[in-house]
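Written below as structure tokens is the structure these notes are about.
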Amino acid sequence: MNTSVNIAGIDFKNPVMTASGTFGSGKEYSEFVDLNRLGGVVVKGVASKEWLGNPVPRIAETYGGMLNAVGLQNPGVDVFIEEDIPFLRKYDTKIIVNIAGKTVDEYVEVAEKLQDADIDMIELNISCPNVKEGGVAFGTDPKMAEYVTSQVKKHSKQPLIVKLSPNVTDITEIARAVEAGGADCVSLINTLLGMKIDIYKRRPVLANRVGGFSGPAIKPVAVRMVNQVYNSIKLPIIGLGGICNGEDAIEFILAGATGVAVGTANFMNPRTTVEVIEGIERYMESMGVKDVGELIGGVE
Amino acid sequence: MCQDNFRDKEEAEIISNVEIADNVYRMVIRQEEIAVNAKAGQFINVYCKAESRILPRPISICEVDRDKGLVTIVYMIVGMGTKEFSDLDSGDRIEVLGPLGNGFKIKECDESIIVGGGVGAPPLLELVKNLPGKKRVFLGFRSGSFLTKEFEKYAEVHVATDDGSVGEKGNVVQLMEKVGVKGNMIYSCGPKPMLAAVKDMAERLEVDAQISLEERMGCGIGACVGCICKIKADNELGYVHKKVCKDGPVFDAKEVIF
């Protein structure tokens, strides 16, 4: 049975990676899962310098999901390069660095600093709903999305993934724009913008008022969008949004994803990533699938 | 596939689960590894059975019995998850992960002051059991009280309630001022305003204090960065955001900015 996939020239031992922001930089999960088993680790978003993020409460549970408004708290790319890359490199897994910025220059600065870092891919985060400038502003306007993609692509050495926001009228329009901008891969979906209200206090639960909705409840939206994007661009897709087990991952692969990422489910069970890998293998075995590649976009 | 060297959620048997005050429950579970490894001030993630409730509930460890492999938690019903826990019976099973976070650092000293407020009191019980020297416990509640008898087994206990239904009327800090406190270390857990007052008091008395913070958590293991607090730092802002679940929940009071 072959579970390996190639995404933009990078070989992954299996399609399963982590969703940025749900797995720290891997260290937090290394006591729960053997990171060597993962196809890749997509680390928490890093910016050119330290970001403090939003005030608390940053987290709220909702039915079958959760809202977060962390606001991309991170120590900055220099600390990341110094501390997190050496840790992750001890493991046989691909390292994908999610980069954040408030301006095009800031994104470019991070990509430049990562040029000589020992990492495998860069994921451009133009879809975080929790930062006021940059982030999602770039991800909801096709022209801006294309422009920031092309600028970061120009200044990065590693293959570039662009992470797409679902908070748009037509996600295929943005997907085509980043393809034109030179992206090597797209990942989708980032979180859906949501809100929860404490009816007794008559106040939003999150200090940021609104936050990104994630978890099993969003899966049908994500599968639909992956399939739409699969049918409209040629780039490989990393699918994510509510994946909790192998069956969920297969659904994304059949919709058109080459890779899949586990996000919020890591909070539900710190061993989810490995269980998803095992679930994919069980499905392939029971269905007589010899190569996971046969399944990509296999929905009729 | 075998992952013997890695930590995992464990299923634990519920030995008992009883209401000890209004909406406050004491649950005893059998989970040997947690019982053996837990330190006072650490917590466990407790997982709901309802699939709609996806996040673990972080609940502090109240007591452990290493010989019998038992872990006691005390929790208040604050939402659907804790309501679900309260409906469980002895013999039922529940998924838990732990111990998590850093506990209190036990300081060898002559006299310790322990200050608990409401459901902040339970994690102090295991601490009081293990503290050397003289210890005085101050507990504050809104109305009524719980666990005071358990604390009395190990220490001198003073109680205050907002409505005067048990002990002195007023808050626990007022009670401490009235009784007069001296000692070498303060250990505290409770609501933020109480902890802020304890921090002020510690500074006035020039006594070190360890305080256990609470914040809304996502994962409980330091990954989601949901539960941060402000900790003093030598940078432009004068503080950094640290994770309550992983860097805490116990912090040196001097470092915490409320």
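Note down the nm distance, to one decimal, between modelled labels 7 Å out along Cα→Cβ at B:ASP8 and at A:ARG282. A separation of 1.2 nm, rounded to one decimal place. Averaged over peptide A:268-274, the number of partner chain Cβ atoms lying within 10 Å of each residue's Cβ comes to 5.
Size of segment A:1-121 from its Cα atoms: along the principal axes, largest to smallest, the extents are 46, 40, 26 Å. For A:LYS157, a cut-off of 18 angstrom between C-alpha atoms picks up these lysines, skipping any fewer than 8 places away in its own chain: A:LYS94, A:LYS113. Taking chain A as a Gaussian network, where each spring joins two C-alpha atoms under 10 Å apart, which residue of A:VAL46, A:VAL16, A:VAL33 fluctuates the most? Highest fluctuation among the options: A:VAL33. By the Cα gyration tensor, chain A has an equivalent ellipsoid whose semi-axes, rounded to whole angstrom, run 26, 22, 20 from largest to smallest. Helix B:192-205 and the longest principal axis of the Cα set of chain B meet at an angle near 40°.
Counting only aspartates and glutamates at least 8 places from B:LYS134 when in the same chain, those with an alpha carbon closer than 15 Å to its own are B:GLU108, B:ASP110, B:GLU111, B:GLU152, B:GLU156.
Counting only DSSP H runs of at least 4 residues, each contributing -39500 (n - 2.57), and dividing by the residue count of chain B, the helix-based mean residue ellipticity at 222 nm comes to -5000 deg cm²/dmol. Computed with the Debye formula from one identical point scatterer per Cα of segment B:10-100, without solvent, the log10 of I(q)/I(0) at q = 0.16, 0.23 Å⁻¹ comes to -0.55, -1.19.
Among the listed pairs A:LYS44/B:LYS242; B:LYS107/B:LYS230; A:LYS13/A:LYS153; B:LYS83/B:LYS246; A:LYS49/B:LYS243, a Cα-Cα separation exceeding 22 Å is found for B:LYS107/B:LYS230; A:LYS13/A:LYS153; B:LYS83/B:LYS246.
Among B:ARG142, B:ARG57, B:ARG204, the largest mean-square fluctuation in a Gaussian network model of chain B (Cα springs under 10 Å) belongs to B:ARG204. Here r is the Cβ-Cβ distance between B:GLU206 and A:HIS155 and R0 is 45 Å; the resulting FRET efficiency, rounded to 0.05, is 0.25. Across peptide A:51-58, the mean count of Cβ atoms from other chains lying within 10 Å of each residue's own Cβ comes to 5. Pairs from the list A:LYS196/B:LYS192; A:LYS27/B:LYS39; A:LYS201/B:LYS153; A:LYS234/A:LYS290 with a Cα-Cα gap above 32 Å: A:LYS201/B:LYS153.
Measuring spread by the Cα atoms of the protein assembly as shown yields a radius of gyration and Dmax of 24.8, 77 Å. Cβ under 13 Å from A:ASN2's Cβ, A:ASN2 left aside: what net charge do those residues give with Lys, Arg +1 and Asp, Glu -1? For residues surrounding A:ASN2, the net value is -3.
Applying 1/(1 + (r/R0)^6) with r as the Cβ-Cβ distance of B:LYS68 and A:THR103 and R0 = 51 angstrom yields a FRET efficiency of 0.30. Between B:ASN171, B:ASN23, B:ASN102, the GNM of chain B built on Cα springs shorter than 10 angstrom shows B:ASN23 fluctuating the most.
Site pair B:ASP162 and A:ILE199 shows an inter-label distance of 2.3 nm when each label is modelled 7 Å from Cα along Cα→Cβ. Using the Cβ-Cβ distance between B:PHE258 and B:ARG93 with R0 = 35 Å, the FRET efficiency computed as 1/(1 + (r/R0)^6) comes to roughly 0.35. Using the average count of surrounding beta-carbon atoms within 10 Å as a protection proxy, the listed peptides A:210-219, B:182-191, B:232-241, A:111-120 rank, highest first, as A:210-219, B:182-191, A:111-120, B:232-241.
Taken together, the values in this text are just the output of simple stated rules run on the coordinates, not laboratory data. Note that the structure is a prediction, hence the values are computed from the model and not measured. Please note: Cβ atoms are built from the backbone with ideal geometry, for glycine as well, and neighbour counts cover all protein chains shown.
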